[in-house]
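The values are calculated or read from the model by the stated rules, or taken from the named source; none is laboratory data. Just so it is clear, the structure is predicted and the values come from calculations on it, not from any experiment. Every residue, glycine among them, receives a Cβ derived from its backbone with ideal geometry; neighbour counts consider all protein chains shown.
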């Protein structure tokens, strides 16, 4: 008995997987049982745990991605071809094959002309970018398309993720963090988890990453995505506020764009935990502005509201940096990402030194605060540091 078109197609697929010549498999024309399902794409990827086949289920409003070893992947694909999906298109480094099963006997067409060779993509760190652009969690979060290309509307977010990765890698080299156990990383106010996923991607099984977010829908979304990406054993999202979160085991604490004094809450959590590395990108610094009294030399300049706004941001973040140094950290203040991409571009990075500031450091902080008329500031209050 001659094998059916479906059987022949599956043999071609099995051969491509075995030989490592698979470029892509596309299954289309779903049977209609789920009207939102559009396609299934399968392609080889290289994970930290080894080669896998990545399944991207394309729905009308979302993508669902899962990774399988070759044996399990082929077992799952077999029943789908010619049943759940009426059209299948196989691309290999030596040719292509198309199977159509709707409206009669299966029709298989094989083309031997070579197509472009493609190496399996990798979810490990790339040489050019800290975060590989083909990482499937980027697709799941809507940052890149299934081909690893940043979406136009998410280009700035993609750059931000890569810049964060560069900074984090550099800071990890400078920090004296434990190497005999997994690190605990807390991303406070993590939102949709872009940088939380990036931190988990960069450190892999070297760290357990905790995302803390007040919005339940985002927490549920991120936990679901982490599970779909096979990352839930090391990436956990919980609902809660920064101030109420217990983070006593934090080795690294991150808080990017936590508004106003929420940044101070996060900094205090990190200091209290004795975190080896604290990274924050503040925004909406409103607490200090009403307190600023223009020194005589700045009085004419600070008549303009925009200068007062910028000055209050400077004073707030300068105080934070000085207070962290007093608390035993070596501090760097840098540009996170160009203002071309976001106005919230200041990053404060603190590496623990265990050398607390002496009275001369404390006096310098008080003189700075007095110069601008600042009497209270949230981080100073949390640390029990009196500005007056």
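For (1) touching a residue at least 40 places away in the same chain (Cβ under 8 Å); (2) more than 30 Å from the chain's Cα centre (by Cα), each residue gets a yes or a no:
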| residue | (1), (2) |
| --- | --- |
| 8 | yes, yes |
| 11 | no, yes |
| 49 | no, no |
| 53 | no, no |
| 85 | yes, yes |
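Would you say residue 291 is in the same structural domain as residue 268 (by TED's automatic domain parsing), under 19 Å from residue 275 (Cα atoms) and more than 26 Å from the chain's Cα centre (by Cα)?
Working: in the same structural domain as residue 268 (by TED's automatic domain parsing): yes; under 19 Å from residue 275 (Cα atoms): no; more than 26 Å from the chain's Cα centre (by Cα): yes.
Here the answer is no, as residue 291 does not meet what is asked.
Give, as residue ranges, the strands (runs of 3 or more DSSP E) completely inside region 244-357 that count at least 2 residues that are in contact with a strand residue (DSSP E or B) (Cβ under 9 Å, 6 or more places away or on another chain), at pLDDT 95 or above and over 21 Å from residue 377 (Cβ atoms). Talk me through it step by step, then tell me what you get.
Working: elements: 252-259, 277-283, 329-335, 346-352.
Where strands (runs of 3 or more DSSP E) fall fully within region 244-357 and carry at least 2 residues being in contact with a strand residue (DSSP E or B) (Cβ under 9 Å, 6 or more places away or on another chain), at pLDDT 95 or above and over 21 Å from residue 377 (Cβ atoms), they are 252-259, 346-352.
Being part of a helix (DSSP H, G or I) and more than 24 Å from residue 56 (Cα to Cα) narrows it down to one residue among 168, 218, 202, 138; which is it? Quick ask: steps written out before the conclusion?
Values: 218 fails: more than 24 Å from residue 56 (Cα to Cα); 202 fails: more than 24 Å from residue 56 (Cα to Cα); 138 fails: more than 24 Å from residue 56 (Cα to Cα).
Exactly one of 168, 218, 202, 138 is part of a helix (DSSP H, G or I) and more than 24 Å from residue 56 (Cα to Cα), namely 168.
For region 221-242, name all the residues that are under 22 Å from residue 260 (Cβ atoms) and either within 15 Å of the chain's Cα centre (by Cα) or in a loop (DSSP other than H, G, I, E, B) (or both).
Answer for region 221-242, where residues must be under 22 Å from residue 260 (Cβ atoms) and either within 15 Å of the chain's Cα centre (by Cα) or in a loop (DSSP other than H, G, I, E, B) (or both): 240, 241, 242.
Just to be sure before I move on: is residue 226 modelled with pLDDT under 95, closer than 23 Å to residue 67 by Cβ and in the same structural domain as residue 329 (by TED's automatic domain parsing) in the structure I sent? Before you say what the answer is, go through the steps one by one.
On the way: modelled with pLDDT under 95: yes; closer than 23 Å to residue 67 by Cβ: yes; in the same structural domain as residue 329 (by TED's automatic domain parsing): yes.
Yes: the conditions hold for residue 226.
I'd like the residue in region 106-131 that is surrounded by fewer than 21 Cβ atoms within 10 Å (Cβ to Cβ) and over 24 Å from residue 90 (Cα atoms) and, out of all such residues, is modelled with the highest pLDDT.
Here is the first cut: in region 106-131, the ones surrounded by fewer than 21 Cβ atoms within 10 Å (Cβ to Cβ) are 106-122, 124-130.
Within this subset, residues satisfying the condition of being over 24 Å from residue 90 (Cα atoms) are 124-130.
Working: 124: 45, 125: 39, 126: 36, 127: 40, 128: 55, 129: 74, 130: 86.
For region 106-131, the residue satisfying everything is 130.
Go through the residues of region 287-300 one by one and say whether even a single one is surrounded by 18 or more Cβ atoms within 10 Å (Cβ to Cβ), closer than 30 Å to residue 207 by Cα and touching a residue at least 24 places away in the same chain (Cβ under 8 Å).
no
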